[in-house]
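The values are calculated or read from the model by the stated rules, or taken from the named source; none is laboratory data. These numbers were taken from a predicted model, which means no experiment stands behind them. Here the Cβ positions follow ideal geometry from the backbone for every residue, glycine too, while neighbour counts run over all protein chains shown. Side chains included, ligands, DNA and RNA excluded: accessible areas come from the protein's heavy atoms. Shrake-Rupley method; radii C 1.70, N 1.55, O 1.52, S 1.80 Å.
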Amino acid sequence: QVQLVESGGGLVQPGGSLRLSCVASGFSFGSYTMGWFRQVPGKEREFVARINWSGANTYYTDSVKGRFTISRVSAKNTLYLQMNSLKVEDTAVYYCAASALNRPTMTSADFHSWGQGTQVTVSS
């Protein structure tokens, strides 16, 4: 049974940092593309970042480039999202997701398994 469990969310002031973690089980983590998405109430789920199976290739949405870093440790079956210089507009529920695909362009529809999400709130 595929399971993705996120943690690390919370309340942080603008300019602060958080590191999200996603522990995976039930599939060959080291062979899958992994991604982070986020969603605010009333809006569609938005792509944040993704990383290929080896960790050699990473992709980010423009609004987080230079501030967020996605990484993975296959030995721990864990995906990370280091978020620095957080802004109020980064407030959302953050989800990790897994995909067996590895394409130059991917959407949320390409990801077959999702975690339950972790809330990130950036506020003074």
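With θ set to phi - 60° and the Karplus curve 6.51 cos²θ - 1.76 cosθ + 1.60, what are the ³J(HN,Hα) couplings of the range 81-94 in order, to the nearest whole Hz, using x for Gly and Pro?
Per-residue couplings from phi come out as 9, 8, 10, 10, 6, 5, 10, 4, 6, 7, 4, 4, 8, 9 Hz.
Quick one: with all protein chains in place, what share of the accessible area of the chain is carbon or sulfur, to the nearest percent (1.4 Å probe)? Before the final figure, lay out the partial values.
On the way: 3000 of 6290 Å².
Here it works out to 48 percent.
Quick check: with the 1.4 Å probe, what order do Trp36, Trp53, Trp114 take by accessible area, largest first?
Working: Trp36 0, Trp53 140, Trp114 75 Å².
The residues order as Trp53, Trp114, Trp36, largest area first.
Under a plain spin-label model, where a point goes 7 Å from the Cα along Cα-to-Cβ, how far apart in nm are Arg19 and Ser54?
In this crude label model, Arg19 to Ser54 measures out at 2.5 nm.
Using a cut-off of 14 Å between beta-carbons, work out the net charge of the residues near Asp110 (Lys and Arg +1, Asp and Glu -1, Asp110 not included).
Counting the neighbours of Asp110, the net charge comes to +3.
Considering only protein heavy atoms, what per residue accessible area in square angstrom results for the chain with a 1.4 angstrom probe? Walk me through the numbers on the way to the answer.
Working: 6290 Å² over 124 residues.
About 51 Å² of surface per residue is accessible.
Could you put Arg50, Arg19, Arg72 in order of accessible surface area, largest first, with the 1.4 Å probe and the full protein assembly present?
Arg19, Arg72, Arg50
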